[in-house]
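The values are calculated or read from the model by the stated rules, or taken from the named source; none is laboratory data. Every value quoted in this text rests on a predicted model; they were computed, and no experiment measured them. Heads up, the Cβs are rebuilt from the backbone with ideal geometry, glycines too, and the neighbour counts pull from every protein chain shown. Side chains included, ligands, DNA and RNA excluded: accessible areas come from the protein's heavy atoms. Shrake-Rupley method; radii C 1.70, N 1.55, O 1.52, S 1.80 Å.
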Amino acid sequence: DQGVTTQPTNFAVETGEATGRLTELLGSGAEDRPGQRAYVATCTAAFRPRNRKGEPNLVLAEAGTGVGKTLGYVAPASLWAEANEGAVWISTYTRNLQRQLDGELDRLCPTPAEKERRVVIRKGRENYLCLLNLAEAVGRIGADDAVALGLVARWAAATRDGDIMGGDFPAWLVELLGHRLTLGLTDTRGECIYAACDHYRKCFIERTQRRARHADLVIANHALVMVQAALGGGIGAADDGQLPTRYVFDEGHQLFDAADSAFAAHLSGRETAELRRWLIGAEEGSRRRARGLKARAGELIEGDERAEELMDETLRAARVLPTSGWPQRLAGDNPIGLAENFLALVRQQVYARDAGADGPFDLETGTRPPVDGLLDAAAALADALLTLSKPLEGLMKGLAARLDAEADELDSATRARIEGLQRSITRRALLPLVAWRDMLASLAAETPSEFVDWFAIERIAGRDADVGYRRHWLDPTRPLAEAVFEPAHGVLVTSATLRDQTAGAEDSGWAGAEARTGAKHIPVELTEAAHASPFDYARNTQVLVVGDVGRNDVQQIAAAYRELFIAAGGGALGLFTAIQRLRAVHERIAGPLEDAGLPLLAQHVDAMDTGTLIDIFRAEEDACLLGTDAVRDGVDVPGRSLRLIAFDRVPWPRPTLIHKARKQAFGGGEYDTMLARLRLKQAYGRLLRRAGDKGVFVLLDRAMPSRLKTAFPEGVEPVRLGLAEAVARIRAFLQADAG
């Protein structure tokens with residue numbers, strides 16, 4: 001540990017300093033890019049001192065591909081961190097993007113030792129190898145597991161940070177060794193015992209959190225930032241409850257969706273059963289190893305009769321929650337206990353009212369009018385959840401009292417355990433219980449206007465995987481603005497696709513950007529600037545709309561992908577709006593592409609994380625890759641390795657209940673059009689990543705309306721044609737590039 005973290009100072013970063021740092025990062029001989037210098041000047045506004053509480057320096061900066069966005073904001077961010085001895089948190093959307101950003105920072109930190117000191121990647125605990133889990137697995141090792149655990153142990157000794165989900169762990173080992181002995185060793189169960197663990201000082205998670213307190217740049221993701229802010233800072237034992245004062249949100253166009261997930265509440269079979277397991281631990285007959293709350297609290301409450309009574313009350317009350325086998329019991333209409341009884345009635349209502357109940361896809365319906373018995377079941381469950389909350393609140397008070405009464409006696413390790421236990425109880429139990437009780441109360445009253453409630457069944461391969469009651473914010477950027485933006489001193493939101501530009505729009509798309517990022521909820525004068533891409537899109541790209549392929553005929557879609565990929569000679573990215581179609585197309589074209597000498601990779605088919613798939617795709621110039629949203633938004637593949645993008649259809653939003661409510665609130669049909677344009681804009685933006693790139697964007701959907709054309713740069717006019725003509729044009733356009 002490097003000592004106590006102090007508040008950063010408040011010296012401003014001047015534009016001249018930032019452009020000077022940019023020059024250093026680029027190195028001698030780099031091309032002069034006026035657009036990048038102008039972008040740096042825009043970003044620098046986020047690193048001024050804050051003058052009034054609740055009014056951060058808020059900057060929205062759109063930077064087209066080729067501007068040099070990453071180094072453009074790293075220049076002022078690194079200067080601010082050095083001058084003020086505080087960390088700038090750089091947040092992006094996916095693990096793959098975190099890894100790409102980490103690679104860019106080699107320019108700032110040319111040696112591994114310097115990078116170790118100045119740059120930290122922060123992810124959720126479930127991404128890291130748990131050394132206690134590894135030790136316990138080794139302790140009960142069998143002959144069949146020895147080789148696998150030996151490989152994991154050797155990796156653990158050499159890894160940079162213990163990130164097993166998207167770091168330096170070979171993704172192909174997961175398929176080879178199996179989930180149980182690889183990803184199953186992460187801290188997915190939330191059972192950390194903090195300072196009581198023999199591996200606490202070496203723990204990858206705790207070490208990363210401690211380093212982040214003293215780093216210059218912390219590379220996080222949107223979900224982690226929002227959860228941390230919602231909890232008031234600190235989501236691990238090494239956190240000190242102090243929130244960052246400066247944020248950079250890269251891929252800022254994803255803030256709305258990230259906030260939608262982070263601030264939602266789900267009262268479902270999976271969530272309630274998980275809470276029961278977290279509280280009670282492994283139960284009789286269970287094959288799973290799980291430490292319950294009593295085991296984790298251990299000697300922290302030993303000898304305190306009142307605390308032990310409260311613990312016993314908690315464990316008794318937790319038995320109202322679903323136990324193992326709940327999916328089968330709900331499917332057989334044979335629920336046990338108050339929670340399962342409520343969920344069985346929710347399931348009954350969804351199956352009775354969703355017209356697609358006989359299909360393989362997720363189901364949903366509104367909460368009103370309730371089926372017979374549902375309101376009574378909800379009231380009974382709400383009472384039971386209150387009964388569970390009370391002893392947990394008593395335990396929290398008792399732990400706080402011990403911190404106060406024994407302030408002069410507690411050693412640091414015990415204090416850390418108590419504080420960690422308090423955070424865990426709050427996050428894993430008390431906050432969900434409050435949200436669930438509020439939701440249940442709304443069933444007999446009115447849903448607050450700021451929320452949208454519905455019942456849903458999540459399905460996998462046509463079988464129920466989860467059943468529950470869901471609550472989302474109608475506008476999730478409201479809690480984002482309150483929890484993250486308002487406490488900060490400076491926030492930069494940046495992306496290549498912040499704005500939705502429509503022909504003749506007077507505001508140039510900034511009003512939509514303010515709404516989608518939450519900036520409209522902050523009463524400050526915004527800094528807004530758009531920096532155009534330096535690329536000649538009209539000369540180096542073509543957009544083709546193929547009109548003679550049946551969009552609902554998988555055989556025709558597969559044939560189209562096959563011929564398009566072969567015409568391009570590989571270097572092709574196939575995008576899909578549905579996983580089922582992706583898999584069906586992969587099944588049909590994998591053989592023909594192999595015969596043509598074109599390797600085919602596929603998200604949701606190959607047992608590798610998205611980042612590894614993209615790394616292989618980038619390295620193999622003639623490979624092809626099939627993917628969905630995560631690939632559309634996270635690919636950075638310069639050169640000939642990506643020269644064709646084919647999209648199976650216009651990416652209209654799915655007509656879910658939450659989308660229906662937002663469509664009504666945010667502009668009707670134009671809301672749908674805006675979302676589709678932004679998704680097309682993001683996908684097309686993958687095509688050119690550096691000067692000299694060439695590529696073709698193909699949309700296999702004759703129904704693309706003309707109002708979507710502004711998704712593409714000025715001068716790029718979509719051409720409507722048949723598949724055969726598209727194949728010929730692709731060959732002709734890319735042939736010179738191949739030579």
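For the subset of the range 374-419 comprising residues that are acidic (Asp, Glu) and not in a helix (DSSP H, G or I), which member is nearest to the chain's Cα centre (by Cα)?
Step one: of the range 374-419, the residues acidic (Asp, Glu) are 376, 383, 393, 404, 406, 408-409, 411, 419.
Narrowing the set further to residues that are not in a helix (DSSP H, G or I) leaves 406, 408-409, 411.
Working: 406: 41, 408: 42, 409: 42, 411: 37 Å.
Filtering first and then ranking leaves 411.
Inside the range 419-431, residues that are open to solvent by less than 30 Å² (accessible area, probe 1.4 Å) and in contact with a Phe, Trp or Tyr (Cβ under 9 Å, 6 or more places away or on another chain) make up a count of 4. Taking the condition part of a loop (DSSP other than H, G, I, E, B), touching a residue at least 24 places away in the same chain (Cβ under 8 Å), among the acidic types (Asp, Glu) and out of contact with any strand residue (DSSP E or B) (no Cβ under 7 Å at 6 or more places or on another chain), does residue 302 pass? No. For the range 679-692, the set of residues classified as open to solvent by 10 Å² or more (accessible area, probe 1.4 Å) and either under 14 Å from residue 652 (Cβ atoms) or over 29 Å from the mean Cα position of the chain (by Cα) (or both) consists of 679, 691, 692, listed by residue number. Take the conditions (1) under 21 Å from the mean Cα position of the chain (by Cα); (2) crowded, with 20+ Cβ neighbours inside 10 Å; residue 482 misses just one of them, which is (2). For beta carbons closer than 8 Å, sequence separation of 6+ or different chains, a first residue in the range 469-486 that is on the phi < 0 side of the Ramachandran plot and of a type in the set (Val, Ile, Thr) and a second that is open to solvent by 20 Å² or more (accessible area, probe 1.4 Å) and not in a loop (DSSP other than H, G, I, E, B), the qualifying pairs are 477/515; 477/516; 477/520; 477/521.
Within the bounds of the range 648-655, is there any residue that is aliphatic (A, V, I, L, M) and more than 28 Å from residue 64 (Cα to Cα)? Full working, then the answer.
Quick first cut of the range 648-655, residues aliphatic (A, V, I, L, M) only: 650.
After this cut, where a residue has to be more than 28 Å from residue 64 (Cα to Cα) as well, the list is none.
No, the range 648-655 contains no residue that is aliphatic (A, V, I, L, M) and more than 28 Å from residue 64 (Cα to Cα).
Pick from the range 433-445 the residues that are in contact with a Ser or Thr (Cβ under 9 Å, 6 or more places away or on another chain) and closer than 18 Å to residue 231 by Cβ: which of them is surrounded by the fewest Cβ atoms within 10 Å (Cβ to Cβ)?
Step one: list which residues in the range 433-445 are in contact with a Ser or Thr (Cβ under 9 Å, 6 or more places away or on another chain), which gives 433-434, 436-437, 439, 442-443.
Still in the list and also closer than 18 Å to residue 231 by Cβ: 433-434, 436.
Details: 433: 18, 434: 14, 436: 24.
The qualifying residue surrounded by the fewest Cβ atoms within 10 Å (Cβ to Cβ) is 434.
Which of the residues belonging to the range 631-681 are in a loop (DSSP other than H, G, I, E, B) and free of Cβ contacts under 8 Å to residues at least 24 places away in the same chain?
Let us first name the residues in the range 631-681 that are in a loop (DSSP other than H, G, I, E, B), namely 633-638, 642-643, 648-656, 666-668.
Selection gives 653, 654, 655, 667, 668.
Among the residues of the range 594-630, the ones that are touching a residue at least 24 places away in the same chain (Cβ under 8 Å), touching a Leu at 6+ places or on another chain (Cβ under 7 Å) and in a helix (DSSP H, G or I) come to 1 in all.
Looking only at residues of the range 694-731 that are open to solvent by less than 20 Å² (accessible area, probe 1.4 Å) and free of Cβ contacts under 8 Å to residues at least 60 places away in the same chain, we find that the one that is farthest from the chain's Cα centre (by Cα) is 708. One residue stands out among those in the range 116-146 that are in a helix (DSSP H, G or I) and in contact with a strand residue (DSSP E or B) (Cβ under 7 Å, 6 or more places away or on another chain): the one that is nearest to residue 99 (Cα to Cα), which is 127. Restricting the range 578-610 to residues that are in contact with a Ser or Thr (Cβ under 8 Å, 6 or more places away or on another chain) and crowded, with 19+ Cβ neighbours inside 10 Å leaves a set whose member that is modelled with the lowest pLDDT is 610. Given the criteria within 16 Å of residue 271 (Cα to Cα) and touching a Gly at 6+ places or on another chain (Cβ under 6 Å), does residue 330 qualify? Against the criterion (within 16 Å of residue 271 (Cα to Cα) and touching a Gly at 6+ places or on another chain (Cβ under 6 Å)), residue 330 does not qualify.
Restricting the range 147-161 to residues that are over 21 Å from residue 607 (Cβ atoms) and outside any helix (DSSP H, G or I) leaves a set whose member that is least open to solvent (accessible area, probe 1.4 Å) is 161.
The residues of the range 94-122 that are among the polar types (S, T, N, Q), within 21 Å of residue 251 (Cα to Cα) and either open to solvent by 10 Å² or more (accessible area, probe 1.4 Å) or modelled with pLDDT of 90 or more (or both), listed by number, are 94, 96, 100. In the range 318-330, what residues are over 9 Å from residue 273 (Cβ atoms) and either in contact with a Lys or Arg (Cβ under 8 Å, 6 or more places away or on another chain) or without any contact (Cβ under 8 Å) to a residue 60 or more places away in the chain (or both)? Within the range 318-330, 318, 319, 325, 328, 329, 330 qualify.
Here are some residues: 448, 391, 476. Which one is within 30 Å of residue 54 (Cβ to Cβ), buried (at least 16 other Cβ atoms within 10 Å of the Cβ) and not basic (Lys, Arg)? Show your work before the answer.
Numbers: 448 fails: buried (at least 16 other Cβ atoms within 10 Å of the Cβ); 391 fails: within 30 Å of residue 54 (Cβ to Cβ).
Step by step, each of 448, 391, 476 is checked, and only 476 is within 30 Å of residue 54 (Cβ to Cβ), buried (at least 16 other Cβ atoms within 10 Å of the Cβ) and not basic (Lys, Arg).
In this structure, does residue 270 turn out to be surrounded by fewer than 23 Cβ atoms within 10 Å (Cβ to Cβ), at pLDDT 95 or above and of a type in the set (D, E, K, R)? Before you say what the answer is, go through the steps one by one.
Working: surrounded by fewer than 23 Cβ atoms within 10 Å (Cβ to Cβ): yes; at pLDDT 95 or above: yes; of a type in the set (D, E, K, R): yes.
In short, yes.
The criterion of being of a type in the set (Asp, Glu), assigned to a helix (DSSP H, G or I), modelled with pLDDT under 95 and in contact with a helix residue (DSSP H, G or I) (Cβ under 9 Å, 6 or more places away or on another chain) does not hold for residue 313.
Please note which helices (runs of 4 or more DSSP H) are completely contained in the range 489-585 and include at least 1 residues that are within 24 Å of residue 670 (Cβ to Cβ) and of a type in the set (Lys, Arg). First the steps, then the outcome.
On the way: elements: 510-517, 537-540, 554-568.
It comes to 510-517.
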